[in-house]
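Single-structure report; data block below.
The values are calculated or read from the model by the stated rules, or taken from the named source; none is laboratory data. Quantities reported herein were computed from a predicted structural model and do not represent experimental measurements. All Cβ positions, even for glycine, are placed from backbone atoms using ideal geometry, and neighbour counts span all protein chains on display. Note: areas computed on protein heavy atoms with side chains; ligands, DNA, RNA excluded. Shrake-Rupley method; radii C 1.70, N 1.55, O 1.52, S 1.80 Å.
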Amino acid sequence: MSRVQPSIEELERRKVVGINEWTVTDVTSTDFPGHYPGEDHAWDIEKIRDALHIEFHQNDPLLASFSLIGTDASIANAFRRIMIADIPTLAVETVFINNNTSVIQDEVLSHRLGLIPFKGGREGLDKFLKWWKKPEDDEDPSYFDYNTVKLSLNVECTHNEDAAPGETDPTKLYHHAHVYARDIVYEPIGRQSQYFSGENAIAPTNPDILIAKLRPGQVIDLTMHMHKGVGSDHAKFSPVATASYRLMPTINVLHPILGADAEKFAKCFPQGVIGLEKVTKKEAAQKGSGYEGHEGELKAVVKDPMRDTVSRECLRHEEFKGKVKLGRERDHFIYQIESTGQWDSDAIFLESVAHLKEKARRLEQQVVNMVR
Amino acid sequence: MAAMDDGFEALLEPFYNGKKLTDPISTKEDKFQLLPAFLKVKGLVKQHIDSFDFFVNQEIKDIVRSNRLIKSDQEKEFWLEFTDIRVGRPCRNDNSDYEPRNTFSPQECRLRDMTYAAPIVVDITYTRDRKKIIRKNVPLCRIPIMLKSAKCWLNGANNAEMEVFNECPLDPGGYFIINGTEKVILIQEQLSKNRVIVEADDKTGSVSASVTSSTHERKSKTYVVLKKERILLQHNVLIEAIPIVIVLKALGGLSDYEIMELVCGGDARYQDDFLINFDEATKVGVYTQQQALEYIGVRVKMGGGGGAGKGRFNNAPRRSPVEEGLDALANLIVAHIAIDGLDFYPKAIYIAMMVRRVLMAAQNPKLVDDRDFVGNKRLELAGQMLSLLFEDLFKQFVSSLKGNMENFFKKPNRTSAYDPVGPISWQGTFITAGVNRAIQSGNWTVRRFGMNKAGVTHVLSRLSYIAALGMMTRISSQFEKTRKVSGPRALQPSQWGMLCTSDTPEGEACGLVKNLALMTHITTNVEEGPVKRWIFSVDAGVEPIRNFSGTEMHRPGSYIIHLNGTPFALTRYPKRFAAKFRTMRRRGWISPFVSINLNSHFSAVHIATDEGRICRPYIIVQDGKSKLRPEHLRLLQLGKANFDDFLTHGIVEYLDVNEENDTLVALSESDITKLTTHMEIEPFTILGAVAGLIPFPHHNQSPRNTYQCAMGKQAIGAIAHNQFNRIDTLLYTLVYPQRPMVITKTIQLVHYDKLPAGQNATVVVMSYSGYDIEDALVLNKASCDRGFGRCQVFRKYAVELLKYPNGRRDRIGGVEQDEDGNIIAKHSALERDGLAIVGYQVRSGETMIKKETPLDQSSTGIASDRGPDEFRDASVNYRIADPAYIDKVMISQTERDHAIVKVQTRQTRRPELGDKFSSRHGQKGVVGIIVDQEDLPFSDTGLVPDIIMNPHGFPSRMTVGKLFECLTGKATVIEGNRDYGFGDAFRSHPVEEMGKVLVDHGFSWEGKDYFTSGITGESQEAYIFNGPIYYQRLKHMVQDKMHSRSRGPRAILTRQPTEGRSKDGGLRLGEMERDCLIAYGASQLLLERLMVSSDGTQVDICQGCGLFGYKGYCQTCKSTRQVTQMTMPYAAKLLVQELISMNVGVRLQLEDKFPHPR
């Protein structure tokens, strides 16, 4: 059992990553067994369960922001990596071009189509659709309703007879001068209509994505096959536009910052991080606090460190030298997840947890097998 | 403001710092607007076009005028005169009366492998039966037309019209299209003609004044040399150098006193030095003009008289030495001084001036000329080059036409009168062929001058837009590349503003190949006559030099006015004269390209009107005040004035390099003092178009800018707006080109922002993974997935279907099938017509054009002389390892009526390991590793880099400009204001402001941010500099260079592996590698590399006679007894046999190094 129990302050101090003017210090965590003599840092599920804490700041379908507190960077990063690379989504994988007389070449057009994010019924995407195996050279491809989603795009540009004379805007002068993602048509196959109909139909999340520009006489006629894939294969399968985290900033005002300096200090941070308060009588009366004789003056108070962008601007100015200590909490991860639309942004995170769990389970199996 | 649709409208609206039209104008800030105005009237390739126009409109007429008359030697009454010559507009060669179909576009020429040429017609007058007959518009020949020149259909076309021609609106023009290829005549740099250059030779202590005289008839060089205190005149036509006094005596019989006066004036120092030369004349007994002429005449080379010699050879009677001497002096020596009547005085003055310059240089070594001074150079442009060629060809044409005529008149009984129209057109084809051949091959042969230059023309590089543009401003020097001279290669101070200080290649051509700066103009010839009249009328104190004696000319305070280097008039008030002359020029009475400058060392005023001088415009400053006022700029903005208006109103003027020496130019308004005469329009114009792409070049180490100038031309990007309509041999395009985040004014002016070559990459400067050493880059895989650096490679495969004299012709065969009726694999991309299907993939070995040629190409086809009817397969196959798609198939006809088939293939490539990238600061690197997005570091905002660059690239390269570009780019992106992104030389946006923007948006002022490692999830221990930097993808790609071989083809003769990637060759273990292996003692490896893996063969050797046997039998000894087998390199065996075949006896004697222990 633990022979030495560090103080709360000491534990707090250990949790802080130092943000200095030119360097970042104490980057790695130290709460592992054997690092501090006499202290016990053995792995304990109870401890972790107690420390872990999640707090949502924002939860919209396309953007989620939350704090994951009380875990190690390795775990937090694993979630991030899984979200980028391992969560399957549906994207255009194969394009069958019947006719393309536009100026945009077949490969480029296919590439553009591949990058368009799609949405569809959650149940169908999760439960119904399975992996598609890329056929070997001598194999026939297996396209079934449970592994392939068929889309088509069939656009022809024609003259607009109703266009005003002297019109120069091609979108008014011609029909289908611009081809958008909304022109893509989903063709349900087999049981797909059960899962992907009405609201749940497969459709581009952003219907206004420009695919190509056409002029009269030009045709794009193609069908597409969508399959499930993961971001590690191609970025188009990644369910997130951004999935990242930052550490919670800490700002410690060591010596009081007063008057004009306080205002300047506040300007060194984004709005709302530093508040200005009047020095109270009580504070001024306190000996050794640094407030003596400054009653009524403004002082800088840390209001909301989470909003700080850690620009380190305050460290640049001579007057704040030694008065402020910046840092970041090593176990407080503020996630920001932007979904491309196929998943809800918070669901991506939950899925990543499930993935990590599955990976751990598989690893366990391996280890068991290894020992056996 | 009215939309002008000429590509310049964008420049005239939103101004530098986001100013609106209503904002106040300050001349200090906005004077740069003169630059777009200048480029609008002059343009980057305008010098080529001006020069060509001058040739086509004027010079060609002069050439014909001086060769207008042909008289027959036999038929005395017959004469033929060319009264006029005109160049038409480009039209088809195969004439049709239907006018609209006769014109064609340059694009059609490119696609159909035709020549973009226009017919030349002449008006002639000749006699028939003693009557004068006038014929107009007789077709003479066809001449290639420069694109966008006055004769070109694209001349003056606006954007919409250019589109109708299928032409890129941003195409600069200024090149020719010969047989479908675009050819540029590079600007040639030369020492100026008809000017005296004085040089001192330190080794021999001699001083010489030389002049290259160039007239329409001949080109020759005359020297006046001071050797061992004696002055001599040297010329090619003279057997030996002639004492100068004898020459001066021969020129108009001057007395000794007059000669002394003419050379030395009243200066005793020069008189002392010159006196000895009179002894030279007395020594050989020359006292009179007659004796002098005789002395010279005897020393004139026989038959060396150029054009005159020919006639003399045949029938003219032998001339006396006096006549010879007179002829040489009048026509050959200093030939550009025309002799009117027999008045030799002007020539005497000229030669005396040369002597005087030599004496002065001998007295004061500082008074020699500098060959490398830009004012002593002339640039020869396409028009001049063509006129040299055309004149030569026209003279040949005239003589061959005359030959044709004489042949006709030689016939005793003629059936009809001589009609020259047919022969003119027929002989004229030689002119057509001659011009085409010269431009096609680049070999410029002018017989008259004995000129034979190679490499005058080059194929226009269409690698990128900027490569094509850079080629149009390129100047090649006449100096030999191999010579190790530093003078001509060094940056000359007089190059300021005229030639780009950065854009020159590295290596052997360094400093010899130069580029024009942004505002440079090259003059065309201005007529001397009117200028001559102005010289006298502008100032009363000017009198013709003819009226003066030497004393008066050289009196202190007297200035000789030289016109194009020739003494012409005398004045005692040079400053007043120059001021008045300039005033008249500023008022537009004298051409703005006539320059005048004073030279106090030689008491001379120099007026130059000749062609090829480099000049550039400046704002005139008078009495400490700039002539440019805000209201002028306002007029410019409103489009109510153009640059030429400013010129005629005396607000700006052109100064050439010589006149620049008389001025005091202020860089900005704040630098103006009372003495200032001119102000710079914009300092960044000392750079050219290519160097202008670099942001913050004034913060870079100078070689880095030079490197970027070389690399900018290799960057893949948009070539032209019509790039997908072109079928080029090799065409690279970027799939998603981007306008640079940080641009310069030059970028806007040359429209690089419309045809960019690169992408704005988010760069993070840190070390990562160890795969980034030695400038290697780390790329983000997700970025590549999303299209970063994706490029396309187009290749052309063309085939001409020939017709043979026997009536047979090439054909396109059908698809071949196997026994089951399936199309064979090789033809899987073919359609039934034997051509590849557009959109299909072709793999290595597959056929694209199934051409077949007849086996019988030589039989006459008459009666029984018929060859076989079979055809041989001559199909065009795709033979690159990586597959491609068929992009286009074109079938057309060439001018020779042959069908032509062109197939274009397309490859789309994403960046891969080893592909080359570069920023705009001479920092190139290859891709070292492509990393998954999740492994890359990310910032607080979730930003992940596209490229990670190793910080070791910075300290030694000192490319601070790159850091500034990154910072400026970042601020621009964050602020969302494109007006921040200006990085012009000497007027870039201050970086302090960028830092402020970053701080305002919550970033660190220095651009360094907190990053978290993507692998561990922990933060990085240092803040990392990051931001957008414009990266160019260079054309060097691994796919085109990758090569390996284990076994493969061998050369027939030596049986050694073939050489080179294209032939699947081996990699040579060379001599030096061999040396290493010998030194190391790796004998078995040597044996393997040089014999086993190369050309080892089993040979039979007879130990009896030492010769080769065959199958164990020796033919010489008729025995098998002593024949043994051994392995030796086939090349060695070959050598032995070749030596034997040359009657060198070779015997091989074998012995066992390690005999069997028996």
Which of the trypsin sites (Lys or Arg not before Pro) across the range A:254-355 are loop residues per DSSP, with 12 or fewer other Cβ within 10 Å? A:Lys287, A:Lys321
Descending Cα extents along the principal axes, the range B:636-781, whole Å: 62, 41, 30
Would you mind telling me the share, in percent, of accessible area of the range A:283-322 contributed by carbon and sulfur at probe 1.4 angstrom? 47
Please report, in whole Å³, the volume per residue of the convex hull around the C-alpha atoms of chain B. 306
What's the total accessible area buried between chains B and A, using a 1.4 Å probe, rounded to the nearest 100 Å²? 3600
Mind giving me the nanometre distance, one decimal, between the label points for B:Ala579 and B:Tyr840, set 7 Å out from Cα along Cα→Cβ? 8.3
Given R₀ = 60 Å, FRET efficiency for B:Ile1078-B:Asn877 by Cβ-Cβ distance, to 0.05? 0.85
Leaving out ligands, DNA and RNA, and with a 1.4 Å probe, what % of the accessible surface on the range A:26-68 is carbon or sulfur? 58
Residues of the range A:235-255 losing 50 Å² or more of accessible surface, assembly versus chain alone, probe 1.4 Å, please list them. A:Ala235, A:Tyr245
Span per principal axis, largest first, for the Cα atoms of the range B:900-1017 (Å): 61, 44, 32
For the range B:148-242, the per residue accessible area (1.4 Å probe, Å²) is 41
So the carbon and sulfur contribution to the accessible area of chain B, 1.4 Å probe, in percent, is 51
What percent does the relative contact order of chain A come to when contacts are Cα pairs within less than 8 Å and at least six residues apart? 25
Which residues belonging to the range B:918-956 lose at least 40 Å² of 1.4 Å-probe accessible area when the assembly is complete, relative to their chain isolated? B:Gln933, B:Glu934, B:Phe938, B:Asp940
Just to confirm the filter: which chymotrypsin sites (Phe, Trp or Tyr not before Pro) across the range B:425-455 are DSSP coil and have at most 16 other Cβ within 10 angstrom of their Cβ? B:Phe449
Kirkwood Rh over Cα pairs of the range B:394-435 into Stokes-Einstein at 4 °C, 1.567 mPa s: D in µm²/s? 118
Going from the alpha-carbon gyration tensor of the range B:675-754, what semi-axes, largest first and in whole Å, does one get by taking the root of 5 times each eigenvalue? 30, 15, 12
Members of the range B:988-1009 that become less accessible by 20 Å² or more once partner protein chains are added (1.4 angstrom probe, chain alone as reference): B:Val999, B:Gly1002, B:Ser1004, B:Trp1005, B:Glu1006
Stretch A:Leu11-A:Asp304 to full length: gain in nm at 0.36 nm per residue minus the Cα-Cα span? 103.3 nm
If the protein assembly as shown were replaced by its equivalent ellipsoid, with semi-axes equal to the square roots of 5 times the Cα gyration tensor eigenvalues, what would those be, largest first, whole Å? 70, 49, 37
If you bin every alpha carbon distance in the range B:512-614 into 5 Å steps from zero, what whole percent lands in each bin? 3, 12, 23, 23, 16, 10, 7, 3, 2, 0
From the helices alone, meaning DSSP H stretches of at least four residues, give me the mean residue ellipticity at 222 nm for chain A, per-run term -39500 (n - 2.57), in deg cm²/dmol to the nearest 500. -6500 deg cm²/dmol
Using 5 Å bins from zero, what percent of all Cα-Cα pairs in the range A:1-55 falls into each bin? 4, 15, 19, 27, 18, 9, 6, 1, 0
For the range A:1-160, what mean projected area does the convex hull of the alpha carbons give, in nm²? 19.7
Restricting the range A:154-208 to chymotrypsin sites (Phe, Trp or Tyr not before Pro) in coil, as DSSP defines it, with at most 16 other Cβ within 10 Å: none
Just name one of B:Asn137, B:Met162, B:Tyr116: the one whose Cα is farthest towards the positive end of the charge dipole of the range B:92-173 (beta-carbon charges, Lys/Arg +1, Asp/Glu -1). B:Asn137
Relative contact order of the range B:588-649: what whole-number percent is it, with Cα pairs under 8 angstrom and at least 6 residues apart? 25
What accessible area per residue, rounded to a whole number of Å², is obtained for the range B:959-1101 using a probe radius of 1.4 Å? 52
In nm, to one decimal, how far is the B:Asn166 label point from the B:Asp202 one, both placed 7 Å along Cα→Cβ? 6.1
Taking the Kirkwood radius as the inverse of the mean 1/r across Cα pairs, report the Rg/Rh of the range B:846-978. 1.30
Report relative contact order for the range A:31-70 in percent, whole number only (criteria: Cα-Cα under 8 Å, sequence separation at least 6). 28
Of the candidates B:Gly867, B:Gln923, B:His898, the farthest towards the positive dipole end of the range B:854-971 (Lys/Arg Cβ +1, Asp/Glu Cβ -1, centred on the Cα centre) is B:Gln923
Bin by bin, in steps of 20 Å, what percent of the Cα pairs in chain A do you find, going until the bin that has the longest distance? 21, 38, 28, 11, 1
Could you order peptides B:458-464, B:988-994 by the average number of other Cβ atoms within 10 Å of their residues, highest first? B:458-464, B:988-994
Ordering of B:254-267, B:65-78, A:78-91 by packing [mean C-beta count within 10 Å, highest first]: A:78-91, B:254-267, B:65-78
Could you grab the Rg to Rh ratio for the range B:1038-1126? Cα atoms only, Kirkwood for Rh. 1.14
Taking the simple approach of a point 7 Å from Cα along Cα-to-Cβ for both B:Val284 and A:Asp31, what is their distance in nm? 10.9
For the charge dipole of the range B:329-410, defined by +1 on Lys and Arg C-beta atoms and -1 on Asp and Glu C-beta atoms about the Cα centroid, which residue among B:Met405, B:Pro365, B:Leu332 has the Cα displaced farthest towards the positive pole? B:Pro365
Toy charge model, Lys and Arg Cβ at +1, Asp and Glu Cβ at -1: chain B dipole around Cα centroid in debye, rounded to 20, equals 3000
Between A:Leu363 and B:Leu1150, what FRET efficiency comes out of the Förster formula 1/(1 + (r/R0)^6) with R0 = 56 Å and r the beta carbon distance, rounded to 0.05? 0.20
Might you tell me the accessible area per residue for the range A:1-111, computed with a 1.4 Å probe and given in Å²? 55
Over all directions, average the projected area of the Cα convex hull of the range B:215-280 and note it in nm². 5.4
For a label point 7 Å from the Cα of B:Lys221 along Cα→C-beta, name the residues of the range B:191-209 whose backbone N is under 11 Å from it. B:191
